[in-house]
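Asker: My questions will all concern the structure given below.
The values are calculated or read from the model by the stated rules, or taken from the named source; none is laboratory data. Remember, it's a predicted structure, so these values are computed and weren't measured experimentally. Methodologically, a virtual Cβ is constructed for each residue, glycine included, from the backbone with ideal geometry; neighbour enumeration extends over all protein chains shown. Just the protein is used for accessible areas: all its heavy atoms, side chains included, with ligands, DNA and RNA removed. Shrake-Rupley method; radii C 1.70, N 1.55, O 1.52, S 1.80 Å.
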Amino acid sequence: MHAPGPAAWLLVALCAATSAYCLLRMRDPGQGVRGTAGGEALMGFAMAVMAVPAAVLQPPAWAWSCCAVVFGGAALRALWAARAGSAHHVHHLVGTLAMAYMAWAMASAPAGHAGHGGGHMPGGVPLLTGLLLAYYTAYVLYTGTRLVPAGGPQGPAPTHWTGRTEVVRACRLTMATGMLAMLLAV
């Protein structure tokens, strides 16, 4: 998951800034907003840590194993929430599984070779990585098109900037783009 220098630091900055915004969103009293924003903040901060260049931070394999367990637990929570059929909860499920997969890849691979194990597709990309790349590419393209306004005003704007739909979508687009970049480095 460690990208080269400037790209890695840009990814760290984007993920950390998005996570900070998600933490601010947790103050919203709306139903389900706190849990969703908290999950997104956790994922963003973990992505920021994973993206730090290896020359700066090289945690031991057990740390990545702990991350895999934490995100495995988060995946179970997302699976429980997805029972209601919400597409966003299913997206969180895919995201937590992707984070657990990347943490497991970092824990099980030799330094600098994360994700280059068995189970490859004919082109050399692990099958699960390929499926996640396809999912996140589709998600980024779909979410990007939803940022473009379809017409006039969509109703009254929220009184606080952390509740604005377009900012929340931009936050999710940033996280998905970061996940896509991290998967490309697997």
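Asker: State all residues of region 77-86 that are on the phi > 0 side of the Ramachandran plot and at pLDDT 85 or above; if no residue qualifies, say none.
Answerer: none
Asker: All but one of (1) open to solvent by 40 Å² or more (accessible area, probe 1.4 Å); (2) within 26 Å of residue 49 (Cα to Cα); (3) at pLDDT below 90 hold for residue 123; which doesn't?
Answerer: Here residue 123 meets the rest and fails (2).
Asker: Still on this structure, please answer the following. Of the residues that make up region 166-183, is at least one in a loop (DSSP other than H, G, I, E, B), modelled with pLDDT under 90, hydrophobic (A, V, I, L, M, F, W, C) and farther than 19 Å from residue 87 by Cβ? I'd like the intermediate steps shown before the answer.
Answerer: Step one: filter region 166-183 for residues in a loop (DSSP other than H, G, I, E, B), giving none.
No; the residues of region 166-183 include none that is in a loop (DSSP other than H, G, I, E, B), modelled with pLDDT under 90, hydrophobic (A, V, I, L, M, F, W, C) and farther than 19 Å from residue 87 by Cβ.
Asker: Quick check: anything in region 87-107 over 27 Å from residue 10 (Cβ atoms) and at pLDDT below 85?
Answerer: yes
Asker: To continue, here is another question. Could you check region 17-38 and list, in sequence order, the residues that are crowded, with 20+ Cβ neighbours inside 10 Å and small (Gly, Ala, Ser)?
Answerer: 19, 37
Asker: Could you figure out which of (1) within 19 Å of residue 173 (Cα to Cα); (2) open to solvent by less than 30 Å² (accessible area, probe 1.4 Å) isn't true of residue 74?
Answerer: For residue 74, the exception is condition (1).
Asker: Please determine, by comparing only the residues of region 40-62 that are over 20 Å from residue 181 (Cα atoms) and out of contact with any Ser or Thr (no Cβ under 8 Å at 6 or more places or on another chain), which one is least open to solvent (accessible area, probe 1.4 Å).
Answerer: Residues of region 40-62 that are over 20 Å from residue 181 (Cα atoms), as a first pass: 59-62.
Next, from what is left, pick out any that are out of contact with any Ser or Thr (no Cβ under 8 Å at 6 or more places or on another chain): 59-60, 62.
Numbers: 59: 27, 60: 61, 62: 170 Å².
By that ranking, first place goes to 59.
Asker: Six or more apart or on different chains, Cβ atoms under 6 Å: show the pairs whose first residue is in region 25-51 and under 17 Å from residue 97 (Cβ atoms) and whose second is part of a loop (DSSP other than H, G, I, E, B) and not small (Gly, Ala, Ser).
Answerer: From residues that are under 17 Å from residue 97 (Cβ atoms), the pairs are 50/1.
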